[in-house]
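Engineer: This is the structure I have questions about; it appears just below.
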Amino acid sequence: MQPIIPFSYRLLGSFSAATYGNNQFVAVGAGGRTARSSNGVQWTSSRTGQGSNLKDVAWGNGRYLAISDDATVFTSSEGATWSESFSAENNRLFSKLASNGSTFILIGTD
């Protein structure tokens, strides 16, 4: 039986989220690991430089944003080189991230 929606299952490892933007897929996961692919089959791995587990990623306004389990937000313009953008204070933790292409929203605890 053919799947209704074509998919690729060639990305192996502990990844938690993926997005599409800037003509490529970007996935994030355990230990700050990231990967990018233009076709969903061949992937190139990289890391944020931090050991935090990345929970979600989104594309918008010319950049990727990724959130970690220690409330750090990372940004990247091309999905390979990541910079720490900011960290939440007072034990605020982020759980989800979304973008409409120009604005990001972070969902988390107070």
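Here, each number is a calculation from the coordinates, and none is a lab measurement. What you are looking at is a predicted structure, and each value in this text was computed from that prediction instead of being measured. Heads up, the Cβs are rebuilt from the backbone with ideal geometry, glycines too, and the neighbour counts pull from every protein chain shown.
Engineer: For a paramagnetic label modelled at 7 Å from the Cα of S14 toward its Cβ, which residues of segment 71-110 fall within the zone defined by backbone nitrogen distances under 20 Å?
Structural biologist: The answer is 71-74, 94-96, whose backbone nitrogens lie closer than 20 Å to the label point.
Engineer: In square nanometres, what is the average projected area of the Cα convex hull of segment 15-108?
Structural biologist: One quarter of the hull surface, i.e. the mean projection, equals 5.2 nm².
Engineer: Another one. How do 100-107, 44-51, 15-22 rank on mean C-beta neighbours within 10 Å, highest first?
Structural biologist: The peptides rank, most packed first, as 15-22, 44-51, 100-107.
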